[in-house]
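All remarks here apply to the structure that follows.
All of the numbers you see were taken from the coordinates with simple rules; none came from a lab. If you're wondering where the values come from, they're calculated on a predicted model, not measured in any experiment. Ideal geometry is used to build each Cβ from the backbone, glycine not excepted, and the neighbour counts take in all protein chains shown.
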Amino acid sequence: MKRCKECGIPDIIGRDQVWSSDGTIPIPGDPTFRMGIIEVPVIRAIAAKLEAIVGPAIHTMFMEGKRKNARHYIDTLLKGPLGFLVRHSNSGGKKAYQTLLQTSTALGYGHVILEVYERKTRVGGTIHNPYYTPLFVGDVRGVFESIERLPSKGSWEDKGESAKILVERMDGEDKLAKRFVFEEKARLPGNMKYSPCKTCGLPKELMRFKWNIEKGTITDTKANERVFIAGLNDINAVFMELEEAIGDPVPSAIIEVNHDYGLELVRKGVVTGYGDLVRGAGLKGLGFTSFSGNRERVKLTFNNPFNKHYILGRSLGVFEGLEGTKGEATVKEQPGALEITITGRGG
Ligand SMILES: [Zn+2]
């Protein structure tokens, strides 16, 4: 996989994603489709909390949400002649899977070995270091559905550091066609400024992430943890479906995990002030943020926030870490914007 000689980031990252000044990371083929950088421990912790409430069905829901949006992502990548070639030649199919699975390596999903492929029937293999196996099966189903133009089903067997996965054609219609759809209400401007790499144009700030192409991992060296790049609509669609199905435990889990994570960012010294929270959120595609106020009362304004609960929890954790006291928040929401005011409890 080719990398930029100057900043070391795989070329494919800059080809398929754009770091925008409004705190989002759209894909060139569809600006409404947002990508984001998500911490692996955070998504796993949320899934574990929800599993305790919903049971193992939670993993299937994550798979479904990802499947749908991965299909859209691949459809966008395969627009035009490339897609025609892939879908109409006998050898094109397998090669396309290999190419697209390489993309998933660059996105930090793990290292994949394709072992089974029968056109319009099944595709399967082993993933080493999966970021979160159900999401990965969703990705492969998305690729299958985009290339084969058929509904799919997926299964997996976790084996610790690796997993066996299989995606097969599903007979009948896609019963979830109308579910797991998340649409952004509005996109507001921002003025995130990055220092572009002179060679590839990507923000130099991304150099804090180290790509290990052999392993299929991305490490945030500042926080010393694994991250991955995914469609934020996918994750939001899953959270939304879950909230509709089981209510309050869902926002609670998202807020709690992010609160603990925000606190941890301060403890690790990754966030030393609200400015770090603002820059970090933008770089990860979670939205464009500004802040004002003083130590007793901090107002954070987010344009294009990724999930309200996610942002709220993280802000509360950072506040607590910086101010040394638990915070209480009031939240105002408008299309495309979120305003969070935090005051110290009892203050
Ligand atoms: Zn570069």
Computed FRET efficiency, Cβ-Cβ of K326 and K198, R0 41 Å: what is it to the nearest 0.05? 0.35
Long-range lysine pairs (8 or more apart or interchain), segment 248-344, Cα under 20 Å: 8
Restricting attention to segment 204-263, which GluC sites (Glu not before Pro) occupy a DSSP loop and are surrounded by at most 13 other Cβ atoms within 10 Å? E214
Those lysines that a straight Cα-Cα span of less than 16 Å connects to K68, excepting residues fewer than 8 apart in one chain: K153, K175, K178
Rounded, prolate or oblate: pick one for segment 99-140, where a ≥ b ≥ c are the square roots of the eigenvalues of its C-alpha gyration tensor, a/c under 1.5 means rounded, and failing that, prolate if a/b is larger than b/c, else oblate. prolate
To the nearest 20 debye, what charge dipole does the chain have about its Cα centre, counting +1 at the Cβ of each Lys and Arg and -1 at the Cβ of each Asp and Glu? 980 debye
Residues of type lysines that K5 reaches as a straight line, Cα spacing below 18 Å, ignoring anything fewer than 8 places off in the same chain: K198, K204, K210
I'd like the orientation of helix 133-148 relative to the chain: the angle between its Cα long axis and the longest Cα principal axis, in ° from 0 to 90, rounded to 10. 50 degrees
Using alpha-carbon positions, the gyration tensor of segment 259-347 gives root eigenvalues a ≥ b ≥ c; with a/c under 1.5 called rounded, otherwise prolate if a/b exceeds b/c, else oblate, the class is oblate
HN-Hα J couplings of segment 307-316 from phi, Karplus 6.51/-1.76/1.60, θ = phi - 60°, integer Hz, Gly and Pro as x? 3, 3, 5, 4, 5, 4, x, 5, 5, 5
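Name the trypsin sites (Lys or Arg not before Pro) in segment 1-101 that are in a loop by DSSP and that have at most 15 other C-beta atoms within 10 Å, would you?
Working: sites: K2, R3, K5, R15, R34, R44, K49, K66, R67, K68, R71, K79, R87, K94, K95; in loops: K2, K5, K79.
Counting only loop positions with at most 15 other Cβ atoms within 10 Å, the trypsin sites (Lys or Arg not before Pro) in segment 1-101 are K2, K5, K79.
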Taking the chain and counting helices only, DSSP H stretches of n ≥ 4 at -39,500 (n - 2.57) each over all residues, the nearest-500 ellipticity at 222 nm comes to -13000 deg cm²/dmol
Cα-based helix-to-principal-axis angle, 249-267 vs the chain, degrees rounded to 10: 70 degrees
Could you name the aspartates and glutamates whose alpha carbon sits less than 12 Å from that of K215, not counting residues in the same chain fewer than 8 places away? E161
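Within the P(r) computed for the chain, what percentage of the Cα pairs occupies the region above 33 Å?
Values: 15417 of 60031 pairs.
That fraction is 26 percent.
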